[in-house]
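Here's the structure we're looking at; comments come further down.
Just so you know, all these numbers are worked out from the coordinates, no wet-lab data involved. Just so it is clear, the structure is predicted and the values come from calculations on it, not from any experiment. Ideal geometry is used to build each Cβ from the backbone, glycine not excepted, and the neighbour counts take in all protein chains shown.
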Amino acid sequence: MNLNRRSMMLGAGGLAALAASPFAAQAAKASGKIASIGLQLYTVRELFAADPVATLEKVAKVGYREVEFGGGGYDAMDHKLLRSTMDRLGLTCPSLHIGYDALLDKFDASVAMAKTLGAGTVVLPYMVDKYRNAEAWKAALVNINRFGAQLKAAGLGFAYHNHDFEFTTKPDGVSLFDQLVKACDPDLVKIELDLYWAIYAGQNPQALIRSLAGRIYSYHVKDMRADRSMTSVGSGTVDFGAIFKLNAIAGVQHFYVENDQAPAPYIPDITKSFQTLRALRF
């Protein structure tokens, strides 16, 4: 895919540098607010696939300072151009999503892509149906542990992103999630906790966070309506303040807005989530 170079500069670069400083992060932590709000780009995947540079510009203009790549065909794009665009806009990419098969078959290329984009952590985003049985899951967990060790050797962290099925699928009476937590080395495999999907699966988020103390790398943040459908942060019923108060226990480093079902034209949806989280105190 050919990406169009753009010369427009946003005026937030200085503010972005200040927000990223250790002093700013400590001050934000002390006051109970999120220092830097991120966006999982899967939320705007249709826009991103059509024009990634323009989409990153729109995301930065909303106020996001971090992005997590996932979907939208980013893996086949010009990663150097994506990186230079982020640098120009004051955006960073702490982590990105790379699929199980890509880690199996294209590990070196996956590492190179992550490093070009400036990511420090690779996140495994999803496991398809064929792995969701006792035998296949057990074999996959061996590989997941191995990915963590290989990525650590390459200077990268590793995390697993949940949906609902890890909690609700229970071969031999034990959930896939509990099996993962027990089988995987906590120093090698962290958790990117998707709060919506955990709650959707019937989990108490506070209890879950306490059980994963120090092991949660990041949150995926999206809200849930009374009918359990997905919506932008602030348009649903989830008490994020109560959840984020546990961050001294959780040790979460990044808060990524993600709405898998964001309605077109997408930017109003991510703006609502950003504004809600920016105003949140906990």
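Run down Leu39, Leu82, Leu47, Leu104 and say which single residue is touching a residue at least 60 places away in the same chain (Cβ under 8 Å), out of contact with any Leu (no Cβ under 8 Å at 6 or more places or on another chain) and not in a strand (DSSP E or B).
Just one listed residue meets the conditions, Leu47.
Please work out which residue is surrounded by the fewest Cβ atoms within 10 Å (Cβ to Cβ), limiting yourself to region 71-102 and to residues that are within 21 Å of Ile144 (Cα to Cα) and touching a Ser or Thr at 6+ places or on another chain (Cβ under 6 Å).
Among those that are within 21 Å of Ile144 (Cα to Cα) and touching a Ser or Thr at 6+ places or on another chain (Cβ under 6 Å), it is Ala102.
State the number of residues belonging to region 225-267 that are basic (Lys, Arg) and on the phi < 0 side of the Ramachandran plot.
Looking only at that region, the number is 2.
Could you list, in sequence order, all residues of region 60-79 that are in contact (Cβ under 8 Å) with a residue 60 or more places away in the chain, more than 22 Å from Pro268 (Cα to Cα) and outside any loop (DSSP other than H, G, I, E, B)?
Ala76
Per-residue answers, yes or no, for (1) within 27 Å of Lys222 (Cβ to Cβ); (2) of a type in the set (Ser, Thr, Tyr):
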site	(1), (2)
Ala119	yes, no
Val122	yes, no
Val128	yes, no
Asn133	no, no
Ile144	yes, no
Gln150	no, no
Ala153	no, no
Tyr160	yes, yes
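Going residue by residue through region 108-115, is there one that turns out to be assigned to a helix (DSSP H, G or I), touching a residue at least 24 places away in the same chain (Cβ under 8 Å) and under 20 Å from Ile191 (Cα atoms)?
Yes; the residues of region 108-115 include at least one that is assigned to a helix (DSSP H, G or I), touching a residue at least 24 places away in the same chain (Cβ under 8 Å) and under 20 Å from Ile191 (Cα atoms).
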